[in-house]
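Q: After the structure tokens below, expect a handful of questions from me.
The values are calculated or read from the model by the stated rules, or taken from the named source; none is laboratory data. Note that the structure is predicted; figures quoted are calculated from it, not measured. In this analysis, Cβ positions are derived from the backbone assuming ideal geometry, glycine residues included, and neighbour counts consider all displayed protein chains. These accessible areas exclude ligands, DNA and RNA; they are computed on the full protein's heavy atoms, side chains included. Shrake-Rupley method; radii C 1.70, N 1.55, O 1.52, S 1.80 Å.
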Amino acid sequence: MRRRLLWLAGSVSVAVAAIAGWLVVMPPELLRVGDGYAAKIVCSNVFVAGRDADAVLAADVQAPGHPLLRLVRISVDETRKAVTARMFGFAAPGHAIYREGLGCTNVTEGEFAAFPGNRQLRRRPPQSDEGKPWPDGSGTNVNPAVQTLLTDPQLTGPGMRAIVVVKDGRIVAESYGEGFNSGTPLLGWSMTKSVTAALIGLRIRDGQMALDRAELLPQWRNDPRSRIKLADLLAMQSGLQFNEDYGDVTDVTRMLFLEGDMANFSASKPLEAQPGERFSYSSGTSTILSRLWMNTFGSIREALTFPRAALFRPLGMTSAVLEPDAHGTFVGSSYMYATARDWARFGLFLLQNGRWNTEQILPPDFVTFMHTPTKASNGRYGAGHVWTKFGKDVGPPLPKDAYWLQGHDGQTAMLVPSLGLAVVRLGLTPSSSGYDVRMLEAKIVEAVN
């Protein structure tokens, strides 16, 4: 019996060692995706948003995510400004590294060892805003009726981190969740797509891009994909195959957490429909668009500095950080951090048809183009990376001209041009919570109207 027990114990030890070795040498892709996700989210929230690493791991990564994520352990290198995540503390390491002005980027083991260090980004000293109303300063013009709505947890929803309401160019109400404030940069997830559309509008203004242009990428030449037009990509009707399901290892999770060149990965997908005929929401499409507008510059340095110089700085969005992949292409589908007030500045910019103060920054008709409903989407999506209908067809009545920026886990910005109204709501609110932000939006519309 003793020999049998010893043999069994030895067999178990060998099996455990074999499994551990397999996890180290050939980890399943699901584990690699999980560690890449954990490293990226923790890195950005620590070095961009200034939050505590353990709190981010527990609240942002493990609580709402796949059960396997509870097995992730992280290490933070404060000197190098990098984060490594390992499943079970040893398997499938995922790395993310921070660079000043560019946020965090997922990198492979080899890239992690050789990735360039941080450089100091020259920033203009902040201007004194004492006594100035937002958006030029920090002053607000509180509407008590709207502010009262933001004290109702049934309306603000679980996981709310920030709400900012803008009416006629002024903040009339705002509220923040515990641990967050007006200076906390927050991830917009797919709200970033609308920023990508605006950057393309700027390159159209500069004569470097055109909506009807086809033959967009060298790898699409002599190929049916050469018929895809810039307008098809902006309207999410390119016909390219792409799986947007976040539940497993799919195209979108592989792109975001395993691929160093996200645009090339997305552009390699085959057609599954004719361009312009079928609506198919795709984060891969937005990364292709980022590559396209960045390709209009003569150098990567020019392209990387363009969003800050041409969009964020003119609008006073001093907190905004758009993050690139390891290839150097902005992840224009998903990765922009900004305070709720700066997301509201972008919303106000769209409400003003791309005008800021006395300057018409976007082409005069570009914002109207962005929120013009498309036939392929059955009127649910605009021609330029915004939603023209939100949620299920059944819901509270909202103004007919309302449109939305929308992101994963409850990021929304409702814009109502006829009312001069923007409602930005950011948080960690998975769809499984059942929360419907339209209830809050409808009450705010009623209060300001």
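Q: Counting Lys +1, Arg +1, Asp -1, Glu -1, what net charge surrounds Gly89 among other residues with beta carbon under 15 Å of its beta carbon?
A: Net local charge, Gly89 excluded: +1.
Q: Please check: in the Gaussian network model of the chain (C-alpha springs, under 10 Å), which one of Asp223, Asp409, Asp60 has the largest mean-square fluctuation.
A: The residue that fluctuates most here is Asp223.
Q: Next question, about the same structure. Give me the 1.4 Å probe accessible area per residue for the range 327-449, excluding ligands and nucleic acids, in Å².
A: The answer is 38 Å² per residue.
Q: If I ignore ligands, DNA and RNA and count only protein heavy atoms, how much of Val76 is accessible to a 1.4 Å probe, in Å² to the nearest 10?
A: Rounded to the nearest 10, the figure is 50 Å².
Q: Please compute the alpha carbon radius of gyration of the range 211-262, then divide it by the globular-protein estimate 2.2 N^0.38 Å. Two decimals is fine.
A: In units of the globular-protein estimate, the range 211-262 measures up at 1.32.
Q: Run down the aspartates and glutamates and flag those whose C-alpha is under 12 Å from the C-alpha of Lys81, throwing out any fewer than 8 positions away in its chain.
A: Reachable aspartates and glutamates: Glu100.
Q: With runs of 4+ DSSP H residues as the only contributors, calculate the mean residue ellipticity of the chain at 222 nm using -39,500 (n - 2.57) per run, divided by the residue total and rounded to the nearest 500.
A: The per-residue figure over the chain is -9000 deg cm²/dmol.
Q: Turning to a different aspect of this structure: For the chain, what is the Kirkwood hydrodynamic radius in Å, using each pair of distinct C-alpha atoms?
A: Final number for the Kirkwood radius of the chain is 22.9 Å.
Q: Could you put His385, His66, His327 in order of accessible surface area, largest first, with the 1.4 Å probe and the full protein assembly present?
A: Descending accessible area places them as His327, His66, His385.
Q: If you don't mind, another one. Where is the GNM fluctuation largest for the chain (alpha-carbon springs, 10 angstrom cutoff): Pro324, Pro364, Pro397?
A: Greatest mean-square fluctuation among the candidates belongs to Pro397.
Q: Give me the one-decimal nm value for the distance between modelled label points at Asp206 and Asn449, 7 Å along each residue's Cα-to-Cβ direction.
A: Label-label distance for Asp206 and Asn449, simple model: 4.0 nm.
Q: Something else: What FRET efficiency would be calculated for the residue pair Leu71, Gln241, taking the C-beta separation as r and a Förster radius of 30 Å, to the nearest 0.05?
A: The computed FRET efficiency comes out at 0.40.
Q: Tell me, in nm to one decimal, what length is gained between Ser418 and Thr250 on full extension, where the rule is 0.36 nm per residue of separation less the Cα-Cα distance?
A: Residue separation times 0.36 nm, minus the Cα-Cα distance, leaves 56.5 nm.
Q: Quick one: Kirkwood hydrodynamic radius for the range 146-249, alpha-carbon pairs, angstrom, one decimal?
A: One over the average 1/r among Cα pairs gives 17.8 Å for the range 146-249.
Q: In degrees between 0 and 90, to the nearest 10, how far off the longest principal axis of the chain does helix 2-25 point, with axes built from Cα atoms?
A: Tilt of helix 2-25: around 40 degrees.
Q: Give the carbon-plus-sulfur fraction of the accessible surface of the chain in %, rounded to a whole number; probe 1.4 Å, heavy atoms of protein chains only.
A: Result for the chain: 52 percent of the exposed heavy-atom area is carbon or sulfur.
Q: Could you list, in their original order, any pairs among Lys269/Lys389; Lys132/Lys400; Lys193/Lys269 whose Cα atoms are separated by more than 30 Å?
A: Lys132/Lys400
Q: Ser433 to Ala145: FRET efficiency via 1/(1 + (r/R0)^6), r the Cβ-Cβ distance, R0 25 Å, to the nearest 0.05?
A: That gives a FRET efficiency of 0.40.
Q: To continue, here is another question. Using Cα-Cα distances under 8 Å and only pairs 6 or more residues apart, what relative contact order does the range 225-339 have, in percent?
A: Value for the range 225-339: 27 percent.
Q: While we're here: Note down the relative contact order for the chain as a percent, whole number, built from C-alpha pairs under 8 angstrom at least six residues apart.
A: Over the chain, the number comes to 16 percent.
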